[in-house]
Amino acid sequence: MKLHTKIFIGLIAGTAAGSLLAMLDAGAVAAYVKPLGDIFIQLLKMIAIPLIAVSIMGATAGFADLKKLGRVGLKAVAFFLASMILAVSLGIVAANLFQPGKSLDAAKKEAIQAGIRSEGRWQHPAHAPATVARTSAAEFLLALIPTNPFAALASGDMLPVITFSMLLGLAFTLIAPTKRDKVLELLDALNDALVALVKGVMRLAPYAVFALITAVIAQFGFHFLLALLEYALVTVGTMAFFLFAYYGLAVALLGGISPLFFFRRLSSVGLLAFSTSSSNAVLPENMVSCEQKLGMDRGVVSFVLPLGATINMSGTSIYQGVSAVFIAQVFGVTLSLQQQVLVVLTATLAAVGTAGIPGIGIVTLSMVLGSAGIPLEGIGLIIGVERILDMCRTVLNVMGDSATALIVDRSEKRRERRRSWV
Ligand code: ASP
């Protein structure tokens, strides 16, 4: 049986078991099931930091190729980053606008918060001891630079970890090519091993989903499920809007073709992304389709698409923006403007560090939550709908790569035409 079918069964079985416990007023029993879910979340958190560090180091160390294809690479990276920043911001705006977490009444929210507080893992800001806030931009910038990268790794401080990984990755491009190749090979192997670890942990997902959902429903009842449904709808709705409005417009204005034609030509790619939840798995089909069905240049396709599958994740960005705000709403954490800007920044970087394989977005989400002071336990709340959201965000991730490749390809062709006239 496929893993996602098993997860779905876990979700349904958990809903049934949780409802039964809630009806029997035996919510306390859920405490015996929940540890399985906690173990799963802990394992995911364990992998997040090494995965982000290794994937960012590998991507930057490979940037020597960017020198060769400098212009194409810069255009693609600039468009990728702009799209992701826009995507997270849109996700945050949508979650603020529709407030999926607000439909829970105050008593339910307090119960959720009290449950977590009693486990001693999180404090609502109102109950928590005052922490030192990052006040100025200078302080914020300083905080990006780790005084000790190992300490940053050990404490799971994402931004300094990313800064260090990027700088070390860049430094690898400056050393002797034979040595650099060895490093790249090692990073590649480490990345594969971490991905294998994620796959192993994901085998626990059906049981973990069962445990988490049973516990949530037994404790908080159906109201929470409704809020979860609202959250899923806001996320998917925002993704659909971004796909058709933003990429559709970009394809028409900058790529010079009809969006309808573009989406129709790439329908098999979209379906594959939806069913595999993996940008990497769809890469070969995407490359062939872009070249053969949309007439893109092979050089552009073979550079922009693999780069995009690694760093461009606008679907994941939206997902992280909506999720962060939703979880904050459920836990009653008010995010200041500064914190929301921090979410935009960290979610963009986390999306860059998200590998193009199933279910990584939720792993890197833990870093976004951590850096904005949102309880990581929130992951347990949304994991029940994770699979379907992963399927949807992968479609957007992949289509974003194809749209960017098209835009870069057409801009290069325009440039060549202009040069041949002179
Ligand atoms: N599954 C997504 C992809 O492959 C990544 C994620 O988990 O967000 O694009």
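The values are calculated or read from the model by the stated rules, or taken from the named source; none is laboratory data. A quick note: this is a predicted structure, and the numbers were derived from the prediction, not measured. Reconstructed Cβ throughout: ideal geometry from the backbone, glycine too, with neighbour counts over all protein chains shown. Accessible surface is based on the protein model in full, side chains and every heavy atom, while ligands, DNA and RNA are left aside. Shrake-Rupley method; radii C 1.70, N 1.55, O 1.52, S 1.80 Å.
What to note about this one:
- Longest to shortest principal axis, alpha-carbon extents of region 270-422, angstrom: 61, 35, 17
- Part-to-part distance (alpha-carbon centres) for region 328-349 and region 144-211, which is given in Å: 24 Å
- Taking a Cβ cut-off of under 12 Å around residue 419, the surrounding Lys, Arg, Asp and Glu residues balance to a net charge of +3, with basic ones at +1 and acidic ones at -1.
- The chain: calculated mean residue ellipticity at 222 nm from DSSP helix runs of at least 4, using -39500 (n - 2.57): -25500 deg cm²/dmol
- Measuring r between the beta carbons of residue 186 and residue 23 and using R0 = 60 Å, the FRET efficiency lands at 0.65.
- Heavy-atom accessible surface of region 186-284: percent carbon and sulfur, 1.4 Å: 75 percent
- Sites residue 145 and residue 174 - FRET efficiency at Förster radius 22 Å, r taken between beta-carbons, to 0.05: 0.70
- Calculated over region 337-422, the projected area of the Cα convex hull averaged across directions stands at 7.8 nm².
- Volume per residue that the Cα convex hull of region 150-229 spans, once the total is divided by residue count, Å³: 150 Å³
- Scoring 144-150, 8-14, 160-166 by mean Cβ neighbours within 10 Å over their residues and listing the highest first yields 160-166, 8-14, 144-150.
- Rounded to whole numbers, the Karplus 3J(HN,Hα) couplings from phi for region 169-185 are x, 5, 4, 4, 6, 8, 8, 4, x, 5, 5, 4, 4, 5, 4, 4, 5 Hz, using 6.51 cos²θ - 1.76 cosθ + 1.60 with θ = phi - 60°, and x at Gly and Pro.
- Working from the Cα coordinates of region 211-266, the gyration tensor eigenvalues give, after taking √(5λ), semi-axes of 40, 10, 7 Å in decreasing order.
- Taking all C-alpha pairs of the chain, those more than 38 Å from each other amount to 22 percent.
- Volume per residue of the C-alpha convex hull in region 195-318, rounded to whole Å³: 127 Å³
- Mean Cβ count within 10 Å, highest first, over the residues of peptides 409-420, 239-250: 239-250, 409-420
- Contact order relative to length of region 331-422, as percent, for alpha carbon pairs under 8 angstrom and 6 or more apart: 23 percent
- A simple rule links phi to the HN-Hα coupling: the Karplus curve 6.51 cos²θ - 1.76 cosθ + 1.60 with θ = phi - 60°, which for region 286-299 gives 5, 5, 4, 5, 4, 6, 7, 8, 10, x, 7, 5, 4, x Hz, with x for Gly and Pro.
- When only Cα pairs below 8 angstrom with a gap of at least 6 residues are kept, the chain shows a relative contact order of 31 percent.
- Computed E for residue 226/residue 274 - FRET, C-beta separation, R0 30 angstrom, nearest 0.05: 0.75
- Note, ³J(HN,Hα) from phi for region 20-27, Karplus 6.51, -1.76, 1.60, rounded to Hz, x at Gly and Pro: 4, 4, 5, 5, 7, 6, 10, x
- For region 1-56, the spread of Cα positions along each principal axis, largest first, Å: 49, 28, 13
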